[in-house]
Structure formats: structure tokens, C-alpha cells
Amino acid sequence: MRDANDVWIPSVCSQCYSCCGILAHRVDGKVVKIEGNPESGNCQGRLCAKGVSGIMTLYDPSRVNVPLKRSNPEKGIDVDPGWVEISWEEALQTVAERLSKIRSEDPRKLLVMASVMTMDQMYFARLFGSAFGTPNSVWNSGAGNHCGNAEHLFGALLHSAWSKQPDTDYCSYLLNFGVPCGFGAYYAATGMAQRIADARARGMRHVVIDPFLSPTAEKADEWVPIRPGTDGALALAMLHVLLHELGAYDREYLKHHTNGPYLIGEDGCYVRERDSGKPLIWDAVDGVAKPFDAADIKDFALDGRYEMDGAAARPAFAALKEHVASFTPEWASPITTVPVATIRRITAEFAEAARIGSTIVIDGKELPYRPVAVLYFRGAQGHKNATLSSMAIELLVEMMGASNVPGGVLGQNSRCLGHPKTGRPSWSPVAGPDGLLVVGGNWSGALPYPWAQPKKPESMSLGGLAPTVIVSPASLPLVTLDPEKFKIPYKLEMNLHVGTNYLMTESDPKVSVAAFKDLFQVSSSLFLDEATYLSDLVLPDTCYLERHSLTAESVSSNSPLEEWCYHVRQPVVEPLFQRRNFSEVMLDIADRVGMREDFNAFLNLLLDLKAPYALDVSRKYTLQEILDRRFKSMFGEEHGLEWFQEHGVLKWPKRVEEVYWKPFVEVRVPIYFEWFLKVGEGVKKVAQEGGFDDVIETSAFQALPEWRPCASHQEKRSEYDLYAIYYRVPVHSFSATYNNPWLDEISQIDPYVYRVAINIETARRKGIKDGDWMDITSAGTDHTIKARARLTEGIHPEVIAMANCGGHWSKFLPIASKSDKGACFEWLLPLTFDNMDIPTFNLDLCAKVKVSKAEG
Amino acid sequence: MRYGMVIDLKRCIGCYGCQAVCKVENATPPGVFWARVMKREFGKYPNVRRVNLPLLCMHCREPECVKACPSGATVQREDGIVYVDETKCVGCRYCLMACPYGSRFFHAKERYYFEGYGATPFEEWGYRRHPTGVVSKCDFCRHRVDQGLEPACVANCMTKARHFGDLDDPQSEVSRLIRDRGGSQLYPELGTDPSVYYLP
């Protein structure tokens, strides 16, 4: 018999997006401890500082506890909204009336915003938006500082996954372009911390390329400082050394698992067989061209030039090799500041560690063994050159054949063959047009392949324009400001705003204010944060310790290794005060708006609810009922909500065919992105027809990688002599955790979290001492922010670095908004199309700044 | 039998998980850190290293605090755990001065984490363990150890950098690690013989 006054309840954390399984201890109705659930593969029983500190998020007296409406009609970045308490009935009635009117006029006028901090509410909000009928759902503001944009694009095209991780069981050389994987941030934060520590203890060499001696770089075997925004140039030079100096590449892999043998004509496109339209390859033995999938191919040519109907053609690999001929270490060194000898040495180490040609037997299956991995995320790709730099970095892995095989880079759960009893859920990459990879069902962004023809955009993020845009485009605020320019035939009227502090996580806050202040903003929020200064209504949401969740099982939070893990999030305590779970509120609103049938239909579709568990579209269901059906539909009648509430986690082992799927799936990946050229032409045409080609510049749609400078690299004014970058620390998630007093206390003690790191010699030249206040002025926005200096040898002399998203100013966050609580990086980031990577609408984070000692 | 801890500095990533979980497990008041992490930097750009040093009570075999305590409040158990019996502590703070590791904290007055809001339900529940006017410090989570559990900072460490066990047993994991990896104590020259060892 359980003592109801003293219980441990299994649930799921939400202090970042990693979704670790937790056990929460409740005594006499109070939450007194949160531990990692040892049954949870995501965290393996261990949590980060944020995870154990969730109690103070639950009990924070600054939480929103009742529905509020503004009494001050004037909206501004620091204008007090004059909050007035209202009833839930009044709030819901107001929301329903607004939504009903918009839906009857033009549902596209609704914008839905959410945050990966609340994966469950984000998912539900997206369903709501889709059922409502708006293409402006869901937008995560984190595109500014946080999103992997182009990294996700290549995740889909090359790894069939949202993100990726090194194979910590077998990798022996990890080349890490500044990703905090294993260092308390990034996906699967806690589980990867254990695994990366194990790998380092096992002897995996960890080389970190980063402008700052970050929490990741400080534990590396080697720290390679680099000028911000130039990682792509380094990768290109490494490709040059691999292909031209070392001759190190996996020929068998390139022949059989990539489009490396596909013949490329002089126009840059595939040479296709006339009748079938299939790309041709050159059979080196028979000396003739054949369709890439012909049964009688004796050997795929990777090199050479061939005559095809009077025109020259060469294999895609040969095109790549010729293309990188000029990208020598001598070319890259002045761009990156990485010494020529260092580039050659780490490339040689990398190539040697890859053990091309070797195999390993796992579970009785002989597989390629390529124990080298490359990681990159926001730091390397968060630039104007995102797409082309990401492409260059990805090709390092492809050249080694180290993609989704033992020891290499693993897509995060690219393939699932299902629970042993039900075979569900299941997804797998498959071969699409031209034999190239189409991402499996574990995918939540826009589908980049098979690629869709660019068309006239319909959404405020210019959705539909380019199939290379995956998630949270930074274009949205700009188009919202001027839809007519982009021939968008409507204006946004309402923002259903779910838990994202977009004023502190997108870009220049003044642009965000201008874009969104005229919308009727309904926020479901934990706090009256900066973004709610623009709200008309604020609804008090539950935090993760007070609610059930539909989708607490984000597969991105599973390590690719060991076991599949599905969790339930359930309330540890009943919602305090008048807080309500916004997922439940959305079900209510759907009813009031008269869209229950549409909503239920979307739930059936996107939750993959199969008979007999599919929802009757006309019936009203509680969230718990939907959750129960979801679990039963996936895992059988015996594994309903009640089972999950008691056990917390359902898990089963991952199979070799899932983890190391590449040798098991008949599919090729591109090393030559042929269709990007066509996408670029299409985008150009649409932009010209729409009259917005002045801002949509399409030259970055290339089949092969290049390095192009960011605006900051071309800044001419000599006083703007430093690059400002941001990085992540393990004690905060984005801007969301700064009012947590335990995390605040740690941040005050830590030398870096609330300070801006600057090189000792650079600071000396500027007369700045440790602890001095500095004025940091952006060349791009002209805004000045103030922060205190931390002098360190551990940073590139041209760089200053700030952690996460501090520098809050909401007066309703008394801990976070005190002076000396870090800096808000967004003020330095101009939001313009010039400052974006056009193929992905990824915002450049390369802020050029001038820095001086602040007076007084 | 002598309990000890081994902290593997190669595995430690300075994430402050230990500091936070100690805060939760022991409900220590603001400003009191039975577990903490210090960071130091060495070298010149670009050859720079940063070292994270997790600190806690060293549970010395020859504890200066026990000698300094006039009221018998600081006690060394048979198993080596040194703890403060707050019912006997008179708040003289001689032990704070005697401890070479800065591991002791004086709880001067009742304070809460959200200034001006009183105690959260967690603090209402947890601060009953922390009377004011007395000294407190890490006790190796003896309430957990007595139940056969590891101290919270060991159980939760997300890089598995911490190990706990019997230093007197040459076969124990902690003894083996100290022997094989060259574990060292802080300030061994003081003769306090700490029970906390660090691996390089």
C-alpha cells in the first residue's frame, strides 16, 4: 500500500528540451526532491542542475496564477501592461470570440508561437494551429539564437534525423565544432554527459573548435580557437587535405551509399537516361554509362571525365574533388586564424582515426567501423553562410563513410522498427527520387526531400518558397511587418503565444516589438516575462510538475544507443492556484470555436491513432483520454495511461539495424546537392515575379560547399573590432531559467555565467579590468548593452562571449531582472534578410561590436 | 570502516549538478553550500586549461573542527563521517576558523530564496532541519548512507565523476581508484588526512 502522503512519482522534466525521466518525491502535498529516474534511458538516473532545481520553478511566487488582461492600451518594450485579474470564463470567452471571427474571415490571420522549452505544449499548439487552418503555426522564436536550422536540414538529407550524436560506444576521434553535446546542454543533455564522459575515459580524443574556451572546450584534449563564422572555411581546407593531399576517403562508401558516382553535366545537373530519367553513372569496367540502380554495374567510377552525347560529364565526387582544389590550408588559415600546420595535423589525425576499410562485428553482424565523428550546431552554422558551411562540415563525415555506422555520427533515432509486441511506432529512411534518402517518420519540420518546387509564399515565414527552410525561419517578423511587399494577401491579427520569450530569443527586440505589438496577443505562460509585455491576455499555465502531457517522449531526447524509452509526464501535484494546463485549455477553446471535429481529426492523424483507439471526431475527450488512446494505440491495450502512470517508462532494446542503419537500408545520400541549383532558380523566379528579389538573394543555393564572409567579416569601421558570440552553459536553458533562485545562486558564483568573457590582452589594450562594466555596441543594430567583464586567456583575442540569454528587464521577474545578471545578446543582432542565410532563413549570430569601459 | 569519496577530475565537467542536488537533498538555506564547485584557469592563450574543483567537507581522519569544537557538537562517527549535532552547537564558530577547507557555514538568520515572499512550501518543509545560530556542513548525506544509499552528489553526478565507499577496504572501488589512478588529497601537508580524494 502506498502512503499517499509520501510518494515518488515518475514523470518527465521540462527544464530544457531533453525530456529526462524523473522521480519526484512528494511529502504531505509538497514536492521535496526531484531525482533522475534510473529506468529512463534519457537520463539514466542522473539530472543536471536545472533538472533538480525544478521545485523552485513550481513554487516561484512570480508565477502567473490567475488569468490577466491588460488595462494599459499602450504597448511597449518596458511599458507596464497594467495587469487586471479576470475570470477564466471571461478569458476563454474573449479568446473564443476572437478566434471564431478570425476563422470565419481568414484563419491565416492567426499566428501560433511556441517554445522547445515546453515540447508538449508546442506540439499541441501546432496541432491546434493546423486544425484551425493557419499556415503560421508553429513558430519558435529560438531561430535567432538557438536553432540548428541548416544543421537540421542536413540532418534530414543525410541522417534521416532531427539531430545527431557521436557513437559514444566506439568513436575514437570527435571533431567538435563547438557543440555542448555531453557538457550539460544540447539534445539528451544528461544521458550524453554520461556517455561522452565514458568515451573520454575510454580514450576518445576530443578536439574542440570554438572561439571560446567553453565548458566543452575546457575538457577537450585539444582546443582550437577559431574566428567566428569561419568554420566552413576550416572544413573546406580539411576536405582539400583529405582529397588532394592524403587521398583519404572511403571509396566503397561513396560508390554505394552516396550520389558520388552520379554523372554531372556541364550545367551542373545530373546526366539522366533519356527514357527513365534516372541519373547515370559510369561503369568503369564496362566503360559505359548506366542508370545508377542498374543490376549489372561492375564498378562505379568516382573519377574521370566522360563524353556523353558529345558533352562532357564527370562523377559528382570528381566534381567535388576539383571544386575543393583551391581551398588549401594556406587559403583557410588567414580566414580562420587556425595555423596551417594545425589544419594539416588534425586532418591527418582525423583521417587516420577513421580506419577506412575496417569492419567490426556487433551482434553477429559485420559492419563498417569508422570511429570518427564530427559535430556542429548553432556555433558553426549560426551564420550568414549557414547552408554552405554546414554542407562542408557534413562532407567530412561522408568522405570518411562515418555516417550511421559504428564509431561515427549517428542520426538521433533515424530508424525505429517498433515495440517488439506491436511493431509500433515505426519509421525508416527510404529511397526517394533519384535513389536519395527521404527522412523517416521521426520528423517534425518541413520535408526537404523530395523537394517541392518553389512557389508563391502563403505564410509569414515565406513558407513554400524554398524547401530548404526547415524550422522557425527568422523571416517571420520581417514579413509580418510588411506582408504586402511579399504579396501575402492578409495581415496577422492574433498571436496565440505559448511559453516563448521571443523578445529575448529571436533578434533585435525592437524589431520584434514592431512586428508583434499590434496583434491581439494571448499568452499561456509561466511568468510575466518580457514577451508578455505585449500581451492582451495572459493565461496561467501549469509547469511540468503540475500537468499531463501528450508528447513528453520527444525522440530527440533519446540517445541513439541502448534502448527505446517512452515516458509519461503526469502531475506530481495538482495545479496550484488557478493555473491550467494549456493543452486542456486548447481542447476547451476548440469546442468554443466549433472546431472540435477538425481538431480530433488532426489528433488522429498526427498522433497516428489507429482503430479501436482513434477518436470519434464528434466526441469531446479529456487530455487524459487522448493520452490513454495514444499509448494503447502504440503499445497495446495493457499499456494505457494507467500503466504509464504507475511505471513511468516503457522501454525496449535498440537493435543494430536501428542504431547502425546505413548498411541495412538501400538508400543513397547526396554529397553533391544537385537540386539546390534548381531550387535557387525557382526561388529567384518567384521572388522576381513577386517583386521581392531585392531582399531574396539566391546565390547560396549551390550544389557544392563554399565559404562566404558574414557581414561582420566585412565591417570596415575600425572601432568595431570584436566579434560577440553567445554560448550555452549547463545551468540555464535559453532565457527561461533565470528567475530560479538556486540556478541564480550558482550563476553568481560561477566566473562566467553572468559576465562577458574577454581576452586579457584585448581588455588591457582597451583599459578594461576584470569586473569592469563594459559598453558593448553592435555594428549591426547600433544598440548598446552593458555587462561586466571577465578577463580570461581562454578566448580568441578578437572575440567576446556571453552565456545564454541573461539581462532580463521584466519587472515581474525580480531575480532575473536585477542588475548584473548577464547580457541579452539579441540587442546585438540585426534582423534583416541581408543578415540571413537565404536557403534556410537562418539568422547570423556573428555580431561585430565595439567595446569600451563603461563610465560610472 | 571509513567512508570516503573519490572525485574524478577527468570526468567532472563543472556543471554544478552536485551543488544543486545537495541544495535540494539537504534543503540548505541561501548562501549555504555543503557542495560547491570552484573554477581556475591556467596558461596563456591559446594554451589554456580550466580546472573545475568540486568541494565539500573532507571528512578528515584527523578533523581540526572536532578538536576546535568546545561543546561536542561536531562528532566523528565510527565510520569516519563527521557531522554537526545542531542541538549541541552553541554557534561559537571556532570550527569555521579551524577548517582549512572552508567547508563550514554559519546559519545566522532565517532567510528564504524569494526575498519578500516568505518560505516556499519546499522551504517550509526543508528548513526545519536548519535551526539558526548554528554551524552546518556536509555530512556525506548520512541519512542516505544509513539507508544504504550513496550521497546525493554521488548518485546524481551526470558524468559519474564521484565514487563513494570504504577507504579501509583495499578491495573497494574507492581504494582501487586512488591506488590505480594516483588519487590525492587537498592540503595533505596539514596532517588532516581528508577522506575526499581527487583523481587527476
Just one listed residue, out of A:Leu242, A:Leu236, is more than 13 Å from every other protein chain (Cβ to nearest Cβ), crowded, with 24+ Cβ neighbours inside 10 Å and in a helix (DSSP H, G or I), and it is A:Leu236
A:Pro61: passes all of (1) away from chain B (no Cβ under 14 Å); (2) in a loop (DSSP other than H, G, I, E, B); (3) more than 30 Å from the chain's Cα centre (by Cα) but (1)
Of a type outside the set (S, T, N, Q), within 29 Å of the chain's Cα centre (by Cα), surrounded by fewer than 20 Cβ atoms within 10 Å (Cβ to Cβ) and at pLDDT 95 or above, is that true of A:Ala614?
no
(message) within 14 Å of chain B (Cβ to nearest Cβ), farther than 25 Å from B:Tyr113 by Cβ, under 26 Å from the mean Cα position of the chain (by Cα) and not basic (Lys, Arg): is that true of A:Ala801 in this structure?
(response) yes
Screening A:Gly142, A:Gly129 for residues that are more than 14 Å from chain B (Cβ to nearest Cβ), farther than 30 Å from A:Pro406 by Cα, in a helix (DSSP H, G or I) and over 14 Å from the mean Cα position of the chain (by Cα) leaves only A:Gly129
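Okay, residues lined up against (1) at pLDDT below 95; (2) touching an Asp or Glu at 6+ places or on another chain (Cβ under 9 Å); (3) within 14 Å of chain B (Cβ to nearest Cβ):
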{"position": "A:Pro751", "(1), (2), (3)": "no, yes, yes"}
{"position": "A:Val756", "(1), (2), (3)": "no, no, no"}
{"position": "A:Cys805", "(1), (2), (3)": "yes, yes, no"}
{"position": "A:His808", "(1), (2), (3)": "no, yes, no"}
{"position": "A:Lys811", "(1), (2), (3)": "no, yes, yes"}
When region A:78-112 is checked residue by residue, the ones that are of a type in the set (Lys, Arg) and farther than 23 Å from A:Tyr533 by Cβ are A:Lys101, A:Arg103, A:Arg108
Residue hits (region B:20-50; among the aliphatic types (A, V, I, L, M), facing chain A (nearest Cβ under 9 Å) and surrounded by 15 or more Cβ atoms within 10 Å (Cβ to Cβ)) are B:Ala20, B:Val21, B:Val24, B:Ala27, B:Val37, B:Val48
So the helices (runs of 4 or more DSSP H) completely within region A:295-369 holding 1 or more residues that are farther than 30 Å from A:Val224 by Cα are A:316-323
Of the residues in region B:1-19 that are more than 7 Å from chain A (Cβ to nearest Cβ) and outside any strand (DSSP E or B), the one that is nearest to B:Gly80 (Cα to Cα) is B:Arg2
In region A:27-75, anything at positive phi and of a type outside the set (Asp, Glu) is listed as A:Gly29, A:Gln44, A:Gly45
Take A:Thr777 and tell me if it is away from chain B (no Cβ under 14 Å), of a type in the set (Val, Ile, Thr) and part of a loop (DSSP other than H, G, I, E, B). no
Being of a type in the set (D, E, K, R), surrounded by fewer than 24 Cβ atoms within 10 Å (Cβ to Cβ) and part of a loop (DSSP other than H, G, I, E, B) narrows A:Lys850, A:Lys821 down to just A:Lys821
Checked A:Ser87, A:Ser14, A:Ser53, A:Ser62 against criteria (out of contact with any helix residue (DSSP H, G or I) (no Cβ under 7 Å at 6 or more places or on another chain) and buried (at least 16 other Cβ atoms within 10 Å of the Cβ)); the one match is A:Ser62
Of the conditions (1) surrounded by fewer than 23 Cβ atoms within 10 Å (Cβ to Cβ); (2) in contact with a Ser or Thr (Cβ under 9 Å, 6 or more places away or on another chain); (3) under 20 Å from A:Tyr720 (Cβ atoms), the single one that A:Ile776 does not satisfy is (1)
Has region B:53-76 got any residue that is within 11 Å of chain A (Cβ to nearest Cβ), outside any helix (DSSP H, G or I), touching a residue at least 40 places away in the same chain (Cβ under 8 Å) and closer than 23 Å to B:Arg162 by Cα?
no
With criteria (1) closer than 30 Å to A:Pro315 by Cα; (2) part of a helix (DSSP H, G or I), A:Phe644 comes up short on (1)
In the set B:Gly126, B:Gly118, the lone residue that is closer than 30 Å to A:Phe577 by Cα, within 14 Å of another protein chain (Cβ to nearest Cβ) and surrounded by fewer than 17 Cβ atoms within 10 Å (Cβ to Cβ) is B:Gly118
Only one of A:Glu597, A:Glu584 is outside any loop (DSSP other than H, G, I, E, B) and touching a helix residue (DSSP H, G or I) at 6+ places or on another chain (Cβ under 6 Å), namely A:Glu584
Item to check | Residue within region A:718-734 that is assigned to a strand (DSSP E or B), over 30 Å from A:Ile815 (Cα atoms), among the aliphatic types (A, V, I, L, M) and away from chain B (no Cβ under 14 Å) present | outcome: yes
Got at least one residue in region A:189-210 being away from chain B (no Cβ under 14 Å), of a type in the set (Asp, Glu), surrounded by 24 or more Cβ atoms within 10 Å (Cβ to Cβ) and out of contact with any Asp or Glu (no Cβ under 8 Å at 6 or more places or on another chain)?
-> no
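The values are calculated or read from the model by the stated rules, or taken from the named source; none is laboratory data. Here the structure is a predicted model, which is why all the values come from computation and not from measurement. Cβ sites come from the backbone with ideal geometry, for glycine too, and all protein chains shown count toward neighbours.
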